[in-house]
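Below is one structure; the comments refer to it alone.
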Amino acid sequence: EKDPVRVLVTGAAGQIGYALVPMIARGIMLGPDQPVILHMLDIPPAAEALNGVKMELVDAAFPLLKGVVATTDVVEACTGVNIAVMVGGFPRKEGMERKDVMSKNVSIYKAQASALEKYAAANCKVLVVANPANTNALILKEFAPSIPEKNITCLTRLDHNRALGQISERLNVQVSDVKNVIIWGNHSSSQYPDVNHATAVGKPVRELVKDDEWLNGEFITTVQQRGAAIIKARKFSSALSAASSACDHIRDWVIGTPEGTWVSMGVYSDGSYNVPAGLIYSFPVTCKNGEWTIVQGLPIDEFSRKKMDATAEELSEEKALAYSCLS
Ligand code: NDP
């Protein structure tokens, strides 16, 4: 039997956490033969609820689950973890200024970065889910300088999967037959869902859909605003789909993407596609041997360029705002 992998979930008593931990314990994130030890962190007001989640994990008797650490202590939570899924964050409350939310999250991510830096296993892989996800990941990178920058990512896989879902519904084909959509940029409504290189049953999506107006309009806004549509329908934000896509993100990163398929991940920009270096920006990536690589050489038309630049611009502004919260 393989040695267990320690997986940290922060904000584990929250909605996404509640959907995510059983998926991890069932092997959906790391595979059906990979034992796991779950480290769950939450804040003191959520300690009792967190303990309830731990009780349910015990009750579910997951064969792969070799241990559970449920704690409000950041150091205990981060110690020895191989994978960290950062779901905890300060939610935007009504009447709060953008800067106030940013400042709360900057201080959370600064503290958690320092704990991961000191106590996580070498080569720990980090996925930030909590919003503003890209910028939280950037702060984490800044304050965990010994963690390789390639190990710090943010979640745009939900947006990617939403785009696959929309195309599959429109063309009435299986979602597993649609691939290579791209989410560029920020995990926010400025993201650019791009189908220019996507295929369905092996043919270009644009040729099959035959409706550029829809692809350049309603398709994009539907993906961008899907989160709000879920809140409207469910009265709570998306949780099962967010949890499932977090598993997809880590699984593909660790196990690899299938030949000829790429996925979207928020990663540290090296300047590819003229995206400013030093932002955490969502790119198309392939993964092999536990490492992602940005897909290179895709032709970018003028429509795409504008949208890619606009979302980069928003990220640069967020970065400046985050840094202003540090001083
Ligand atoms: P959720 O579990 O619903 O969401 C957690 C985070 O994920 C939020 O920041 C949310 O952003 C973000 N997110 C990113 N993508 C998505 C998506 N597609 N759909 C929904 N959410 C998305 O929030 P809960 O409030 O239920 O749980 C949060 C937990 O974090 C609580 O248990 C709380 O105690 C903990 N917490 C921890 C803090 C800390 O570590 N210091 C501080 C505050 C809370 P958005 O807000 O934009 O929806």
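Here, each number is a calculation from the coordinates, and none is a lab measurement. Note that the structure is a prediction, hence the values are computed from the model and not measured. Positions of Cβ are backbone-derived with ideal geometry, glycine not excepted, and every protein chain shown enters the neighbour counts.
Let a ≥ b ≥ c be the square roots of the eigenvalues of the Cα gyration tensor of the range 211-257; is it rounded (a/c under 1.5), or, if not, prolate (a/b larger than b/c) or oblate? Can you show the working numbers first?
Details: a/c = 4.97, a/b = 1.30, b/c = 3.82.
Verdict is oblate for the range 211-257.
For the chain, what does the helix formula give at 222 nm: sum of -39500 (n - 2.57) over DSSP H segments with n ≥ 4, over the residue count, nearest 500 deg cm²/dmol? Walk me through the intermediate numbers first.
Values: 12 runs with 144 residues, N = 327.
Estimated from H runs of four or more residues: -13500 deg cm²/dmol.
Would you mind getting me the FRET efficiency between I300 and A228? Use the beta-carbon distance for r and R0 = 30 Å, nearest 0.05.
0.60
Among the listed pairs K93/K235; K150/K306; K141/K306; K179/K203; K150/K179; K99/K307, which have their C-alpha atoms separated by more than 18 angstrom in this model?
Exceeds cut-off: K150/K306; K141/K306; K150/K179; K99/K307.
Lys and Arg at +1, Asp and Glu at -1: add these up for the other residues within a Cβ distance under 14 Å of E213 and post the number.
It works out to a net charge of 0.
Could you give each residue of the range 177-183 its phi-based ³J(HN,Hα) in whole Hz, using Karplus coefficients 6.51, -1.76, 1.60 with θ = phi - 60°, and x for Gly or Pro?
So the Karplus estimates, Gly and Pro as x, are 8, 9, 8, 6, 5, 9, 9 Hz.
Can you tell me the FRET efficiency between R206 and M55 if r is taken as the Cβ-Cβ distance and R0 is 51 Å, rounded to the nearest 0.05?
Efficiency, rounded to the nearest 0.05: 0.50.
Counting only other residues whose beta carbon sits under 13 Å from that of G290, what net charge do I get with K and R as +1, D and E as -1?
Residues near G290 contribute +2 overall.
In terms of the Cα gyration tensor, with a ≥ b ≥ c the square roots of its eigenvalues, is the range 168-327 rounded because a/c is under 1.5, prolate because a/b exceeds b/c, or oblate?
The shape class here is rounded.
Taking amide hydrogens as modeled 1.01 Å from N in the peptide plane, which residues meet the under 5 Å criterion relative to A70, leaving out close sequence neighbours?
M40
Determine, from the Cβ-Cβ distance of M23 and E259 and an R0 of 35 Å, the FRET efficiency 1/(1 + (r/R0)^6), rounded to the nearest 0.05.
The calculated FRET efficiency here is 0.85.
Take the alpha carbon gyration tensor of the range 27-83, find the square roots of its eigenvalues, order them as a ≥ b ≥ c, and report rounded if a/c is under 1.5; if not, report prolate when a/b exceeds b/c, else oblate.
Since a/c reaches 1.5 but b/c is at least a/b, the shape of the range 27-83 is classed as oblate.
If I build a Gaussian network model for the chain, linking alpha-carbon pairs within less than 10 angstrom, which residue out of A228, A133, A111 has the largest mean-square fluctuation?
It is A228.
Return the distance in nm (one decimal) between the two label points of a simple spin-label model at D100 and Y323, each offset 7 Å from Cα along Cα→Cβ.
2.6 nm
In whole Hz and in residue order, list the ³J(HN,Hα) couplings for the range 204-220 that follow from phi through the Karplus curve 6.51 cos²θ - 1.76 cosθ + 1.60, θ = phi - 60°; x for Gly and Pro.
x, 4, 4, 5, 6, 6, 6, 8, 5, 4, 5, 5, 8, x, 4, 4, 5
Express in nm, to one decimal, how much length is gained between E117 and N216 on full extension, taking 0.36 nm for each residue of separation and deducting their alpha carbon distance.
The span from E117 to N216 would gain 31.4 nm if fully extended.
Please sort 46-54, 134-142, 183-191, 201-209 by packing, taking for each peptide the average over its residues of neighbouring beta carbons within 10 angstrom, highest first.
Result, highest mean first: 134-142, 183-191, 46-54, 201-209.
Straight-line reach only, C-alpha to C-alpha below 15 angstrom: list the aspartates and glutamates that K54 could link to, leaving out same-chain residues fewer than 8 apart.
Cα-Cα hits under 15 Å: D42.
By a straight-distance test (C-alpha under 15 Å), which aspartates and glutamates pair with K66 as possible cross-link partners, with residues fewer than eight away in the same chain excluded?
Answer for K66, where 15 Å is the Cα cut-off: E1, D3, D33, E56, listed by chain and number.
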